[in-house]
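Read the structure below first, then the notes.
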Amino acid sequence: MPATTANGIRHFYRLDGNENKPVVMLVHSLGCDHSLWDHQANALLPQFRVLRYDFRGHGATESTPGDYTIELLSTDALALADQLGIGKFAFCGLSLGGMIGQWLGANASDRITRLVLANTAARFPAPDLIDARRRTALAEGMTPFVDAAMSRGFLPESVAAVPPFVASMRNVLLATNPVGYAGCCAALRDLNQTDLLPGITVPTLVIGGDRDLSTPWPGFGDLLSNTIPNAKSLVLPAAHLSNLECPAEFSAALLSFFAPLT
C-alpha cells in the first residue's frame, strides 16, 4: 500500500482503477481496516476508481494520542482526497465510516456525489459503555474485545463456521493500535449528529442489517432513512458487518445506487 501525509499524519491507502472513472471512497468500521472492502472494491472496479484507506489510528495509518472526533476523522478523509487530487467522489462508509459519511454529507456536500451509510448511527446509544472500552484498550490492549466484537459483527452461525472473513477481521482487530482504537472510541462516545441529518441533500442510501445488535435498524437505520431527505433504504439479512455477510447483495446495491455516475 502506498502512503502519503494528509492532515498532518501519514495515511496508508489503496487507489485502484482507471483514472478516467468516477471515484468511490470506501471507509471502514472501528477495529477494522481497508481490507473490509475487498469484495466491494472488486465489484466496483470495472466501472469506478476505488479509494480505500486505513483511517487514523487503524491499520498502517499513524495513531496519534488523545481523543479523536468525527470532524477530525472526516477532515482526514477530505485531506487525503485533496492530496490525491480527487475533487468529487461517491462515499460509502460502514459504522464509524458511516458516521464520517454523515459529517461529510452535511458539511462537504460539494465534494460528495452520492452517499451510502451502512450499519451506522447518528448518535452512539451507550456513551459510558464505549468510554469503558476506550479505557480498557489503553490499559489492556485489544484482546479483551475480540469475542464481543465477533458476536456483534457477525451472526452466530457465521462465527461458529469461522469462514475466512471472520478469521481475517479477528486478526485485524488484534493488530489494531490500542491508542488509535481508544481515540476512535472517544469519537463514538461524543457522537451526536442528529441535527445534521435534515441538512444532508446528497442522494443517500441507508443500509442496515436485520440482526445488527450494534446499530439496529429500529431506532438507528430507520432514523437515518426517515430524517435524511429522500433517502433510500435497504435492510439485509445480516449482523453489523453486513458487507461481509451479504457481499453480493451489498455490492449490487452499491452498483445500482452509483450507476447514474457512470
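Read-outs throughout are calculated quantities, based only on the coordinates presented, and are distinct from any laboratory measurement. As the structure is a computational prediction, the values presented were derived from the model and not from experiment. Cβ: placed from backbone, ideal geometry, glycine included. Neighbour counts: every protein chain shown.
Residue farthest toward the positive end of the dipole of the stretch 166-227, with Cβ of Lys/Arg at +1 and Asp/Glu at -1: which of 224, 172, 186?
Positive-end residue among those listed: 172.
Based on the mean of other Cβ atoms within 10 Å per residue, sort peptides 93-100, 190-197 so the most packed one is first.
Values: 93-100: 27.9, 190-197: 16.1.
Descending mean neighbour count gives 93-100, 190-197.
Within 10 Å of each residue's Cβ, count the other Cβ atoms and sort 86, 207, 200, 70 from fewest upward. Intermediate results must be reported in sequence, preceding the final value.
Numbers: 86 16, 207 30, 200 26, 70 22.
Taking fewest neighbouring Cβ atoms as first place, the list is 86, 70, 200, 207.
Could you please rank 128, 82, placing first whichever residue has the fewest other Cβ atoms within 10 Å of its Cβ?
On the way: 128 8, 82 13.
Ranking 128, 82 by Cβ neighbours within 10 Å, fewest first, gives 128, 82.
Looking at 215, 24, 9, which one has the Cα that reaches farthest to the positive end of the dipole of the stretch 3-261 (charges on Cβ: Lys, Arg +1; Asp, Glu -1)?
Towards the positive end, the residue furthest out is 24.
In deg cm²/dmol, rounded to 500, what helix-only [θ] at 222 nm does the chain give when every DSSP H run of at least 4 residues adds -39500 (n - 2.57) and the total is split over its residues?
-12000 deg cm²/dmol
Using the alpha-carbon centroid of each, what span in Å lies between the stretch 179-256 and the stretch 1-28?
Value for the Cα centre distance between the two parts: 22 Å.
Which value, in debye to the nearest 20, describes the size of the charge dipole of the chain about its Cα centre when Lys and Arg Cβ atoms bear +1, Asp and Glu Cβ atoms bear -1, and nothing else is charged?
Approximately 300 debye in magnitude.
State to the nearest 20 debye the size of the charge dipole of the stretch 145-262 about its Cα centre, where the only charges are +1 on K and R beta carbons and -1 on D and E beta carbons.
Working: 5 positive and 9 negative charges, 33 e Å.
Charge dipole of the stretch 145-262: 160 debye, to the nearest 20.
Taking the radius of gyration and the Kirkwood hydrodynamic radius from Cα positions alone, what is the Rg/Rh ratio for the stretch 3-261, to two decimal places? Working shown, then result.
Working: Rg = 16.6 Å, Rh = 17.9 Å.
Reported Rg/Rh, Kirkwood definition of Rh: 0.93.
How large is ³J(HN,Hα), in whole Hz, for each residue of the stretch 129-140 in order, when computed from phi with the Karplus curve 6.51 cos²θ - 1.76 cosθ + 1.60 and θ = phi - 60°, using x for Gly and Pro?
5, 6, 5, 5, 5, 4, 5, 5, 4, 5, 8, 10
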